[in-house]
1. Could you tell me how many of the residues in the range 178-209 are of a type outside the set (Ser, Thr, Tyr) and surrounded by fewer than 13 Cβ atoms within 10 Å (Cβ to Cβ)?
2. May I ask you to list pairs of residues, at least six apart or on different chains, whose Cβ atoms are under 9 Å apart, with the first in the range 90-110 being aromatic (Phe, Trp, Tyr) and the second being surrounded by fewer than 17 Cβ atoms within 10 Å (Cβ to Cβ)?
3. Go through Arg162, Arg173, Arg154, Arg143 for me and flag whichever is more than 10 Å from the chain's Cα centre (by Cα), crowded, with 16+ Cβ neighbours inside 10 Å and basic (Lys, Arg).
4. Need pairs with beta-carbon distance below 6 Å; first residue over 26 Å from Arg197 (Cβ atoms) and within the range 38-56, second in a loop (DSSP other than H, G, I, E, B) and small (Gly, Ala, Ser); sequence gap 6+ or separate chains.
5. Of the residues Ser149, Ser121, which single one is in contact with a helix residue (DSSP H, G or I) (Cβ under 9 Å, 6 or more places away or on another chain) and at pLDDT below 95?
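The values are calculated or read from the model by the stated rules, or taken from the named source; none is laboratory data. Computed from a prediction, not measured in an experiment: that's the story for all the values here. Ideal geometry is used to build each Cβ from the backbone, glycine not excepted, and the neighbour counts take in all protein chains shown.
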Amino acid sequence: MINTNPRKRIRWRAYLLVCLVLALAVVIAGRGAGRWLVRQDALSPADAIAVLSGSMPYRAEEGGRLFKLGEAPEVWLTRAEVPVAELQKFGIQYIGEEEYSRQVLLHLGVPDSAIHILPRSVVNTEQEVDEIAEEMQKTGKTRIIIVTSPPHTRRVRTLWNRLVGKKLQAIVRAAPEDPFDADHWWRTTHDTFAVIREMLGLVNAWTGLPVRPNI
């Protein structure tokens, strides 16, 4: 069906224009794009550590390290949405990524009582930010350390500023063991796709999140 809503058409045109401008900027900036995406906050004690889904085991490993350093008394894990019902039709029992991350944390010495898996499943970073902020409000927490992959840090900060603002404080940290090569990102498909994905995600955030997750 053709979209006849003029506001939506204008929004999409703006989004596509920004994408084209961004693509040109990436070509011009070239090698500096990977380094620019890595944006960390100064580390300080918090009420909890939130480990975002993806990039196993590096994010969970950093969450465990920060816990052992005494930066926070709890570690939260987000729950990525998976086709559990579809797999069950074939008799396949799926163990979610959050369970593997929990095992990593336990192996690193984090007590099971300090590990909290957030209740709702999420499909993208936008929903992860919403879920973390909601859990903070529910439990009366005001400061959280969010652990993610290096090229994902700038987008996490951008989404937090847009969706949560200054009501709650987030400290965004990168998992140092993640193999992303910020200085030579164009040399591998993994890093190249990471840069492209993060750039497009930033455009979506800057233009008001016109591209919505599948729900």
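1. Filtering the range 178-209 for residues of a type outside the set (Ser, Thr, Tyr) gives 178-187, 190-191, 193-206, 208-209.
Those still in the list that are surrounded by fewer than 13 Cβ atoms within 10 Å (Cβ to Cβ) too: 179, 183-184, 187, 190, 193, 208.
Qualifying residue count, the range 178-209: 7.
2. Correct list of pairs: Tyr94/Val82; Tyr94/Pro83; Tyr94/Val84; Tyr94/Leu87; Tyr94/Gln88; Tyr100/Met56.
3. Only one candidate passes the filter, namely Arg173.
4. Taking only residues 6 or more apart or on different chains, the pairs are Ala46/Ala72; Ala48/Ala72.
5. Going through Ser149, Ser121 in turn, the sole match is Ser121.
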